[in-house]
């Protein structure tokens, strides 16, 4: 579910804007760092810290988008790869410089550290909270992209950039907003999941493969896709690690391959 | 242009240009100018070969791969395991590494090359991860996390011993790189290479004129895997060590980066990008051991902004 929370942001930037954004994990990591710092150094409660992280990361991503990303829209994919990998490397060193090489601990607030008893059986509160957040986000995003004027504009610009410009959509600003939204989502996801995906300087590099897999399996530009993919891969992964601990990791990658062979555009991708 | 002049122009492209001697002269000169850095130099030469192999698939056939380390590592482990189990003859080791890598390239290519675009990228990444996971699990052969130890590489042709200062390694790597480069150049300029460029530029038209696209792609993927295997085997033999990092995503990523910095699809891109990246990495990590990543990252961002198409792309722009 954490993977979903982060990957959906990537799906937004990669799918909607057509930009190979390998630096997505950087924004997730930044979110995680903001949350842990706010909580441990200034004693901000969990939920405000999360919101703060989302806002801070999306604001912080705007100058990066203006200065760097915007030059490469519609450009060579390889240049995009180089640029974003460069950002990843810089983030690794930057995070080490500011926060040190150690992993940042997250203490979930008391109301999340216990278990919730639903009568039938009890569930760990933190994980349940994550799942609820994920479900809420999926609904909100889906409504936002499919049912609002903003979403319609985004989809129009993605499908046909020049046409969208000629009917008076300010695509440059629109992309900036979309990018900020995607990065904000990453920040939120990174913060929320800080307890499960440990926040450390190598975060963006270590988890890159997972984010990409979820997005690729789910389908680019889709909101539901990464949701289903993260759910499917997560369940399959833990299931097989439970059943066949020796071969757990093999299975999930083989599954990914099979799905991509069957549907190269992902489960919910548009051809 | 009259037909005969066009034919002439085409023929001229295949001939050796005096400029093509430059990287080789530089490499030979480096042997005498930087005698203290020959070990690094040998690594650079072997990595150039790795980047060259990636260039064949990426630059010429347009197959974007994030899993080339799989073949690099396969070659390295094959040569390494042979040397650790009593067969340290280097040249047959290279050939075995190339063969194993080519085989894995062929088998994975059968599956992976059915897709294109992002799916292809992910498939190659997944293959590399699977290979790395397999090497990790088979720790009784590969040494797992600790790396493969106890390699004993025999002298080349029973004559040239691998010395501590890397004189032999450097010359050995240079010779192998030169031979492989000749082969790669021949491939690129052959009709087969031309049809690869055609596939990169316009797959549909190549289908339409009846080119066996899938088979061509598989062939070049296998050749490239073999070259990557040679490169891995070279590094394994000269450093006498193989670890799981040989198979990592990071390795696949950095080779792409070095290639892009130099310039993709040019045969000479690796000769610029790899030394630039590796020397920069070496210098930065000496000056600033903790934060050298930052400076490498900055270098990459600057290349994208100011030197689109790599360093060689920059030269092109000045010439115009």
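Could you please find all residues in segment A:240-252 being under 22 Å from residue A:6 (Cα atoms) and at pLDDT 75 or above?
Passing the criteria: only A:252.
Taking the listed residues B:246, B:284, the one that is out of contact with any strand residue (DSSP E or B) (no Cβ under 8 Å at 6 or more places or on another chain), modelled with pLDDT of 80 or more and buried (at least 20 other Cβ atoms within 10 Å of the Cβ) is B:246, with no other qualifying. Within segment B:251-264, the residues that satisfy the criterion of being in contact (Cβ under 8 Å) with a residue 40 or more places away in the chain and either within 10 Å of chain A (Cβ to nearest Cβ) or within 12 Å of the chain's Cα centre (by Cα) (or both) are B:251, B:252, B:253, B:255, B:256, B:257, B:258, B:259, B:260, B:261, B:264. Taking the criterion of being over 22 Å from the mean Cα position of the chain (by Cα) and within 28 Å of residue B:227 (Cβ to Cβ), the only residue of segment B:284-306 that qualifies is B:285.
The set of residues in segment A:69-84 being without any contact (Cβ under 8 Å) to a residue 40 or more places away in the chain and more than 7 Å from every other protein chain (Cβ to nearest Cβ) consists of A:75, A:76. Apart from one condition, residue B:108 fits all of (1) within 14 Å of chain A (Cβ to nearest Cβ); (2) modelled with pLDDT under 85; the exception is (2). Checked against (1) at pLDDT below 85; (2) away from every other protein chain (no Cβ under 14 Å); (3) in a helix (DSSP H, G or I), residue A:30 passes all but condition (1). In the set A:22, A:5, only one residue is closer than 21 Å to residue A:177 by Cα and part of a helix (DSSP H, G or I); that residue is A:5. Within segment B:247-284, the set of residues being within 13 Å of residue B:48 (Cα to Cα) and out of contact with any helix residue (DSSP H, G or I) (no Cβ under 7 Å at 6 or more places or on another chain) comprises B:254, B:279.
Per-residue answers, yes or no, for (1) outside any helix (DSSP H, G or I); (2) modelled with pLDDT under 90; (3) touching a helix residue (DSSP H, G or I) at 6+ places or on another chain (Cβ under 8 Å):
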residue	(1), (2), (3)
B:126	no, yes, yes
B:154	yes, yes, yes
B:170	no, yes, yes
B:181	no, no, yes
B:193	no, yes, yes
B:204	no, yes, no
B:220	no, no, yes
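Look at residue A:60 and say whether it is in contact (Cβ under 8 Å) with a residue 60 or more places away in the chain and outside any loop (DSSP other than H, G, I, E, B). So residue A:60 passes the test. Part of a helix (DSSP H, G or I), buried (at least 23 other Cβ atoms within 10 Å of the Cβ), more than 14 Å from every other protein chain (Cβ to nearest Cβ) and at pLDDT below 75: is that true of residue A:12 in this structure? Criteria met by residue A:12. Each residue in segment B:111-122 was checked for being in a helix (DSSP H, G or I) and either more than 18 Å from residue B:200 (Cβ to Cβ) or more than 7 Å from every other protein chain (Cβ to nearest Cβ) (or both), and 6 pass.
Taking the conditions (1) more than 10 Å from every other protein chain (Cβ to nearest Cβ); (2) under 23 Å from residue B:147 (Cβ atoms); (3) in a helix (DSSP H, G or I) in turn, residue B:271 satisfies each one other than (2). In segment B:285-294, of all residues being more than 10 Å from chain A (Cβ to nearest Cβ) and touching a helix residue (DSSP H, G or I) at 6+ places or on another chain (Cβ under 9 Å), the one that is nearest to residue B:261 (Cα to Cα) corresponds to B:285.
The values are calculated or read from the model by the stated rules, or taken from the named source; none is laboratory data. Owing to the predicted nature of the structure, the values given are computational and were not obtained by experimental measurement. Because the Cβ atoms are built from the backbone with ideal geometry, glycine has one as well, and the counts that use them run over all protein chains shown.
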